Each structure stands twice: as structure tokens, then as C-alpha cells.
Ligand code: 2BA
């Protein structure tokens, strides 16, 4: 048994849930926040048999898009320490950040 943890863009989450449901995967959806952009994203927990992990990964890959986002993170400017100014910073987000972890035990009690 494996647990696939997929962090995806909010805009991809609905379609990804649909595709996982159509393919009979069990999913839990969590509202999450990215530590860098500090904006909302979606984390999906998908418990499945080890031999089906590749199927899950294919669905995630096929559904989640790469996007460019701009943040006004505090960026150091000037030569003196402590000089900060809000500067737009462009980052590429996604398609998806995925962790696959072993499940020691899975039960419903
Ligand atoms: P955020 O932390 O909001 O990061 C959004 C995007 O900002 C990242 O996209 C990456 O392109 C950039 N970024 C993140 N940290 C950075 C840094 N210290 N310096 C410069 N750029 C940085 P993704 O890599 O696609 O990540 C999307 C979201 O997935 C992240 O949102 C975070 O919620 C999660 N994530 C990514 N890697 C993770 C990890 N190793 N552990 C836990 N969560 C992770």
C-alpha cells in the first residue's frame, strides 16, 4: 500500500478529482497554502496499491498544468543589510508536487 500526496494548483484540483474518481481511486482533498507564495493550493491524499501508483501519476501528469505566477516577495535591494522592497518575482508553479510514501498499516475501524 502506498500514499500518494499530490500538491496541485487549485484550478486543476476539480478536474483531477474527477479523473481519479472516474478511475476508482479513493481521494481526500485538503485545502493547503504554499509556504513561498503564501497562496492557496490543494493537497490530495490518494491511498492505493503499489502497482497502481503509476496509474495515479499518469492521471496527475495529464491533468495538472505548469503556470507562471508573480509574487511580490520581499527582495533585498541596495547594498546595506536590512534594505527590503516589494519587487515582483516570477516563479513557475507545478504541474504538481508529488510524494509517494509507504503505508505501514491501512485499516478502517
Ligand atoms: P509554494 O511554496 O507557494 O511555491 C510556489 C512556487 O514558488 C514553487 O513551485 C517554486 O517554483 C517557487 N518556490 C518555492 N520556494 C522557493 C524558494 N525558496 N525560492 C525560489 N522559488 C521558490 P512548485 O515547486 O511547483 O511548488 C508548488 C507548491 O508545492 C509549493 O507552493 C508548496 O506548497 C508545495 N511544495 C513544493 N515543494 C515542496 C516540498 N519539497 N515540500 C513541501 N511542499 C512543497
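Values quoted throughout were computed directly from the atomic coordinates according to the rules given, and no laboratory measurement underlies them. What you see is a predicted model; the values in this text were computed from it and never measured. Don't worry about glycine lacking a Cβ; one is built from the backbone with ideal geometry, like all the others, and counts go over all protein chains shown.
The C-alpha atoms of the chain define a longest principal axis, and helix 53-63 lies at about 50 degrees to it.
Here 7, 22 are placed in order of increasing Cβ neighbour count within 10 Å, fewest first, which gives 22, 7. Relative to the longest principal axis of the Cα atoms of the chain, the long axis of helix 10-22 lies at roughly 10 degrees.
Here the sum of -39500 (n - 2.57) over DSSP H runs of 4 or more residues, divided by the residues of the chain, equals -7000 deg cm²/dmol at 222 nm, to the nearest 500.
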